[in-house]
1. Quick one: residue 164 ticks every box in (1) within 19 Å of the chain's Cα centre (by Cα); (2) assigned to a loop (DSSP other than H, G, I, E, B) except a single one, so which number is it?
2. Considering only residues that are surrounded by 14 or more Cβ atoms within 10 Å (Cβ to Cβ) and either under 25 Å from residue 214 (Cβ atoms) or out of contact with any strand residue (DSSP E or B) (no Cβ under 7 Å at 6 or more places or on another chain) (or both), which ones fall in region 119-140?
3. What is the one condition in (1) surrounded by 15 or more Cβ atoms within 10 Å (Cβ to Cβ); (2) of a type in the set (A, V, I, L, M, F, W, C); (3) closer than 24 Å to residue 45 by Cα that residue 167 does not satisfy?
4. Of all residues in region 224-243 being within 15 Å of residue 160 (Cα to Cα) and of a type in the set (A, V, I, L, M), which is farthest from the chain's Cα centre (by Cα)?
5. Mind listing just one residue for me: the one in region 1-30 that is part of a loop (DSSP other than H, G, I, E, B) and of a type in the set (D, E, K, R) and, of those, surrounded by the fewest Cβ atoms within 10 Å (Cβ to Cβ)?
6. Among (1) touching a residue at least 60 places away in the same chain (Cβ under 8 Å); (2) more than 14 Å from the chain's Cα centre (by Cα), which single condition is residue 152 missing?
7. From 78, 45, which residue is touching a residue at least 12 places away in the same chain (Cβ under 8 Å), of a type in the set (Lys, Arg), under 22 Å from residue 262 (Cα atoms) and buried (at least 16 other Cβ atoms within 10 Å of the Cβ)?
Amino acid sequence: MGIVKLRRFDGNPILRADPANDWEAQNVSNAGAVIHNGKVHILYRAEGYELRDPPKGEWPHTRLGLAISQDGYHIDQRFTTPALDHEPHGGFGEHGIQDPRISKIDDTYWIVSALVSRYGDRVHLSSTKDFKTFRKHGLIMPEYEQRTCGLFPAKVDRRYALLHRWLPNMWLSYSTDLKTWTDSRCIWQTRFGTWYDLKLGLGAPPIRQDDAWLLFWHARGTDGMYRLGVMWLDLADPSKVLRVQDEPILECETDYERDGFFPNVVYTCGAVELNGEYLVYYGCADRCLAVASVPVDQCCL
């Protein structure tokens with residue numbers, strides 16, 4: 001098997017801030033993605049100029065917007081109101097909801113997002129069946145401060161499986177009811193002298209292949225750069241990492257990836273399989289959204 005590398009779409013970025021809508025007038029970035037009714041539904045992080053209260057530097061409130069693409073590359077429809085808004089002042093999520101990861105289990109799309117507040121970050125669960133109405137289910141592991149989580153798109157041994165990050169490493173936990181999480185285990189750790197020596201976590205939710213779970217993941221190194229990588233997990237026991245590619249599959253090279261609201265960031269929350277390719281959607285410097293692709297047959301274990 002050769003080295004897996006993502007190829008940037010020539011038309012990147014595919015989504016930019018929209019000055020016509022106050023809630024997304026400054027930045028759009030990290031997006032979950034899933035195919036619904038034959039079209040790619042993209043749930044993205046959006047920010048206007050409304051600063052957090054109490055303020056944290058120049059960080060604005062975050063909300064989730066929704067866009068739809070027929071071919072996965074070009075945006076055909078973009079909604080003018082948020083799909084999911086931040087929570088009221090004084091609670092978890094008062095500053096925003098962001099970095100959604102979408103997993104379809106049976107007939108339901110489960111959305112795991114980060115809530116941001118003065119009290120720290122927590123992980124939140126929402127769901128939808130049609131991307132028209134959304135239901136909020138509350139916090140996941142409310143006793144822990146964390147923000148990088150995603151569900152497997154199928155039960156593993158009759159339990160829900162969650163990849164999450166207790167800093168700085170990637171963990172796996174299980175639940176029978178999406179409320180109580182047990183059997184937590186660290187499955188991948190930072191390593192000195194690598195591009196993932198500061199912190200790491202899942203990127204897009206795992207994708208099931210014939211013989212493994214394919215996982216696009218992210219990391220930040222002590223050089224300050226975010227990069228994307230790829231690994232394969234055991235189907236029956238995803239705590240077992242079968243293979244990790246040493247080289248990153250994408251790193252900051254273009255102006256839109258290097259310069260923005262927060263520099264030197266490529267960060268994915270969503271990937272889909274479409275027309276023989278994996279399309280990986282990634283936020284660039286917390287400013288805009290791009291997509292890169294790789295043929296499915298180049299990502300076999």
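The values are calculated or read from the model by the stated rules, or taken from the named source; none is laboratory data. No experiment lies behind these values; they were computed from the predicted model shown. We place every Cβ from the backbone using ideal geometry, glycine too, and count neighbours over all the protein chains shown.
1. (2)
2. 119, 123, 125, 126, 127, 128, 131, 140
3. (1) is the only condition that residue 167 fails.
4. Ranking the candidates gives 236 first.
5. Only one residue fits best here, namely 10.
6. (2)
7. Values: 78 fails: under 22 Å from residue 262 (Cα atoms).
Just one listed residue meets the conditions, 45.
Every residue, every condition in (1) under 24 Å from residue 174 (Cα atoms); (2) surrounded by 15 or more Cβ atoms within 10 Å (Cβ to Cβ), yes or no:
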| residue | (1), (2) |
| --- | --- |
| 217 | yes, yes |
| 232 | yes, yes |
| 237 | yes, no |
| 243 | yes, no |
| 260 | no, yes |
| 275 | no, no |
| 280 | no, yes |
| 285 | no, yes |
